[in-house]
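Following: one structure in structure tokens, then a few remarks.
Here, each number is a calculation from the coordinates, and none is a lab measurement. Computed from a predicted structure; not experimentally measured. Positions of Cβ are generated from backbone atoms using ideal geometry, with glycine treated the same way; all protein chains shown enter the neighbour counts.
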Amino acid sequence: MQELPDRPTSAGWYLVAFGLIGSALAISLTGFNQMREVVETMQRRVMPGVHEVALAGGKAALYYEPESELKEHSYSTPADLKFTCTLRDQRGKTLKLEAPTGKIEYASGPYVGRKVFDVDVVAPGTYNLACTADQPFVLALGGGLGAWMVVAIVGGLVPGLAGLIVIAFVTIKRRQWFAKNPGKTTDT
């Protein structure tokens with residue numbers, strides 16, 4: 001009786017691969033759900049005008065929402081609406097509103113927005129946000145969404161790709177073994 005080389009075992013490796021893919025899906029869903037929650041809980045103000053806003057210390061972002069809902073009223077404005085804004089502390093000192101370094105856009109429920117300004121908030125407190133425009137529009141304030149996007153995309157992509165690579169590797173090895181040992185399904 002001719003002895004065959006060991007057939008590659010696959011069940012354990014496929015289990016690892018599907019575990020990695022399952023982890024990728026869980027990480028992505030968590031990231032997108034957190035991002036959706038951040039979008040839904042952002043402070044929103046109808047502009048133009050001057051409004052007090054409470055900001056935590058650190059990085060903050062302002063988002064223009066051409067599609068929005070506030071106090072059971074829907075707003076729809078042109079995506080390319082021109083407006084200007086300033087942000088001042090209670091002593092009147094102007095905080096620098098900077099153009100964002102990356103393009104951040106979202107669509108979640110009734111909210112469609114894009115980041116228009118980044119701001120470094122030196123100290124937590126109440127600030128005066130003033131904007132001018134030719135028509136009413138909604139401005140949303142909150143923390144960055146970029147971190148949750150990275151979690152959702154990169155955090156899900158890495159284990160997902162690793163799982164697919166494991167599946168491909170195991171499948172190739174099994175096919176090679178069966179090609180070298182035609183008609184054999186077991187080691188006996």
L25-N128 pseudo-label distance in nm [points 7 Å out on the Cα-to-Cβ vector]: 5.3
Greater than 19 Å apart at Cα, pairs in K82/K115; K71/K93; K59/K115: K71/K93
Helix-only mean residue ellipticity at 222 nm for the chain, each DSSP H run of n ≥ 4 adding -39500 (n - 2.57), per residue, nearest 500: -13000 deg cm²/dmol
Full-stretch length increase - N181, I165 - with 0.36 nm per residue and alpha-carbon distance subtracted: 3.3 nm
For I104, distant residues with modelled amide H under 5 Å away: K115
Which label in [x] 26.3, 93; [y] 15.8, 52; [z] 16.9, 51 gives the computed Rg and Dmax of the Cα atoms in Å: [x]
Spin-label pair K173/L157, simplified geometry with 7 Å Cα→Cβ offset, distance in nm: 2.7
Qualifying chymotrypsin sites (Phe, Trp or Tyr not before Pro) in the stretch 149-182, DSSP loop, other Cβ atoms within 10 Å at most 11: none
Value of relative contact order over the chain, rounded to a whole percent, pairs C-alpha under 8 Å and six or more apart: 39
Helix axis angle, 11-41 relative to the chain longest principal axis, alpha carbon, degrees: 10
In Hz, Karplus ³J(HN,Hα) per residue of the stretch 109-126 (6.51, -1.76, 1.60; θ = phi - 60°; x = Gly, Pro): x, x, 9, 10, x, 9, 6, 10, 9, 10, 8, 9, 8, 5, 9, x, x, 9
Built amide H within the under 5 Å cut-off of K59, gap 5+: V121
Inter-label distance, nm, simple model (7 Å from Cα along the C-beta direction), V16/L70: 5.3
Amide H contacts of L95 (H built 1.01 Å from N, under 5 Å, at least 5 apart or other chain): L87, R88, D89
Between 0 and 90°, nearest 10: helix 146-180 axis offset from the chain longest Cα axis: 10
Under the Karplus curve 6.51 cos²θ - 1.76 cosθ + 1.60, θ = phi - 60°, whole-Hz ³J(HN,Hα) for the stretch 77-87, x wherever Gly or Pro sits: 10, x, 5, 9, 4, 8, 8, 10, 9, 9, 10
Relative contact order (percent, whole number), the stretch 43-142, Cα cutoff 8 Å, 6+ residue spacing: 52
Relative packing of peptides 56-62, 71-77 - highest average C-beta neighbours within 10 Å first: 56-62, 71-77
